[in-house]
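**Student:** Shown below is the structure under consideration.
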Amino acid sequence: MTPQPPTPFPARSDPDDRVAFDRQELGSILTLYGRMVAAGEWRDYGMSFLRDVAVFSVFRRTAENPIYRIEKRPRLRARQGMYAVIGMDGQILKRGADLRQVLRVLERKLIRAVD
């Protein structure tokens with residue numbers, strides 16, 4: 001029997017390698033989310049933290065596709081801005097460097113005419 005060297009385990013990705021929302025960004029997103037839940041527009045959310053993007057997905061019902069995605073892509077910081085709000089059909093509704101400015105496109109949905 002010929003001894004073989006052990007096969008190395010695949011390199012594990014470091015959790016610090018992932019893009020994530022910081023506390024202030026998450027606070028802004030969850031404040032908007034809470035107001036939209038109170039208005040009856042949104043019901044559920046999901047978060048994904050990947051190597052190049054962090055995504056906050058908003059759902060009207062749990063078993064559906066997300067109606068909005070709020071993305072953070074640090075690589076686009078110098079170009080178009082690292083924050084984006086993307087609609088259900090994949091259309092970018094707003095992109096920019098300031099998260100609060102980008103989230104304003106969703107706050108407009110709260111404003112309704114009163115009879």
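The values are calculated or read from the model by the stated rules, or taken from the named source; none is laboratory data. Because the structure is a prediction, the values reported are computed rather than measured. Here the Cβ is made from the backbone with ideal geometry for all residues, glycine too, and neighbour counts use every protein chain on show.
**Student:** Return the residues of segment 48-73 that are among the aliphatic types (A, V, I, L, M), without any contact (Cβ under 8 Å) to a residue 24 or more places away in the chain and within 16 Å of Leu99 (Cβ to Cβ); say none if nothing qualifies.
**Tutor:** Val55
Yes or no, residue by residue, for (1) surrounded by fewer than 18 Cβ atoms within 10 Å (Cβ to Cβ); (2) at pLDDT 85 or above:
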site	(1), (2)
Phe56	no, yes
Phe59	yes, yes
Ala63	yes, no
Leu76	yes, no
Met82	no, yes
Arg104	yes, yes
Arg108	yes, no
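**Student:** For the structure I just gave you, tell me whether Val19 is at pLDDT 90 or above and buried (at least 18 other Cβ atoms within 10 Å of the Cβ).
**Tutor:** Answer is no for this residue.
**Student:** Also: Among the residues of segment 22-35, write down those that are within 16 Å of the chain's Cα centre (by Cα) and more than 19 Å from Arg73 (Cα to Cα).
**Tutor:** Of everything in segment 22-35, those that are within 16 Å of the chain's Cα centre (by Cα) and more than 19 Å from Arg73 (Cα to Cα) turn out to be Thr31, Leu32, Tyr33, Gly34.
**Student:** Mind listing just one residue for me: the one in segment 36-54 that is in a strand (DSSP E or B), of a type outside the set (S, T, N, Q) and under 10 Å from the mean Cα position of the chain (by Cα) and, of those, surrounded by the most Cβ atoms within 10 Å (Cβ to Cβ)?
**Tutor:** Ala54
**Student:** Determine if segment 48-56 includes at least one residue that is touching a helix residue (DSSP H, G or I) at 6+ places or on another chain (Cβ under 8 Å), within 18 Å of Arg95 (Cα to Cα) and among the β-branched types (Val, Ile, Thr).
**Tutor:** Looking through segment 48-56, none of the residues is touching a helix residue (DSSP H, G or I) at 6+ places or on another chain (Cβ under 8 Å), within 18 Å of Arg95 (Cα to Cα) and among the β-branched types (Val, Ile, Thr).
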